[in-house]
Amino acid sequence: MRTIWRTADRALIRDVAALVAAVGFVGLSFGAIATAAHLPLWAIVAMSVLVFAGGAQFLAVGLVSAGNPVAAVLAGLLLNARHLPFGMAVADVVGRGPARLLGAHLMVDESVAFALAQPDPGRRRAAYWLTGGALFVFWNIGAVAGALLGAAAGDPATFGLDAAFPAGLFALLLPNLRAPGRKDAAAPWVAGTGAVVAVAATPVAPSGLPVLLALVALGLAFVVPVRKAAVSC
């Protein structure tokens, strides 16, 4: 832990703190919505501690309240299938031995994004563990507080809290999309194509599947640099 604090700079800690504040409010909304869906407090706590996946938890509560718990499990597995490529992308920072299990549990969109935005292995490791650990603590605090307050927090979409995660991730990815080097030439094409595929599939595909379909845009990463090189020759 001391190594993580020594490696993390003030800018990283500031950014993580801002994200943690937003996640705490989203956790509050989750707890309130789960309580309104008649989930007991122990189930809300167990889901937040053991699953620790905001999107999957919101989806599961909606499907369980609709009387389809089997679909909730299947949809959660489908939605979290993105952790397979995540694991390959941050395999060097997750840890080794018993710590690897905890590191894998803290693998969420934000911890992966913060880690990949860092320039060297030490900072990647610090960003991953600091972000994942802080989010885990404050997500669970928010979920418990929301559950105790009941439905008082209301629908997270009313206050725009449902957009906190994608807005934060977009802010993290934006510098990479503007990178002028040839190495990142494909980034804008991949991001744009993936977004178009996901939006187009959302009205017709089950929840979680549009995100997976958007991964086909990764194929552009192998095509665009080749075309850039051919043009420069």
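The values are calculated or read from the model by the stated rules, or taken from the named source; none is laboratory data. Everything numeric here is computed off the predicted structure, so don't read it as measured data. Backbone-built Cβ (ideal geometry, glycine too); neighbour counts: all protein chains shown.
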- Query: Considering only the range 51-74, how many residues are in contact (Cβ under 8 Å) with a residue 24 or more places away in the chain and more than 18 Å from H38 (Cβ to Cβ)?
  - Reply: 6
- State all residues of the range 120-141 that are among the β-branched types (V, I, T) and under 12 Å from the mean Cα position of the chain (by Cα); if no residue qualifies, say none. T131
- Would you mention how many residues in the range 25-52 are surrounded by fewer than 21 Cβ atoms within 10 Å (Cβ to Cβ) and within 14 Å of the chain's Cα centre (by Cα)? 2
- Message: Tell me yes or no: at least one residue of the range 48-63 is in contact with a Phe, Trp or Tyr (Cβ under 9 Å, 6 or more places away or on another chain), outside any helix (DSSP H, G or I) and modelled with pLDDT of 85 or more.
- Response: yes
- Query: Taking the condition closer than 30 Å to A11 by Cα, in a helix (DSSP H, G or I) and free of Cβ contacts under 8 Å to residues at least 24 places away in the same chain, does L77 pass?
  - Reply: no
- Note on the structure: Among the residues of the range 1-18, the number that are modelled with pLDDT under 75 and surrounded by 10 or more Cβ atoms within 10 Å (Cβ to Cβ) is 7
- Message: Looking at the range 107-119, can you tell me whether even one residue there is buried (at least 20 other Cβ atoms within 10 Å of the Cβ), within 16 Å of the chain's Cα centre (by Cα), not small (G, A, S) and not in a helix (DSSP H, G or I)?
- Response: yes
- Query: Would it be correct to say that S48 is of a type in the set (S, T, N, Q) and out of contact with any Ser or Thr (no Cβ under 8 Å at 6 or more places or on another chain)?
  - Reply: yes
- Task: May I ask you to verify whether A36 is more than 21 Å from L149 (Cα to Cα) and out of contact with any Asp or Glu (no Cβ under 7 Å at 6 or more places or on another chain)?
- Result: no
- Message: Criterion first (under 23 Å from L50 (Cβ atoms) and touching a Pro at 6+ places or on another chain (Cβ under 9 Å)) does V93 satisfy it?
- Response: yes
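Every residue, every condition in (1) touching a residue at least 40 places away in the same chain (Cβ under 8 Å); (2) of a type in the set (S, T, Y); (3) under 28 Å from A214 (Cα atoms), yes or no:
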position: A89; (1), (2), (3): no, no, yes
position: D92; (1), (2), (3): no, no, yes
position: G95; (1), (2), (3): no, no, no
position: P119; (1), (2), (3): no, no, yes
position: F138; (1), (2), (3): yes, no, no
position: A143; (1), (2), (3): yes, no, no
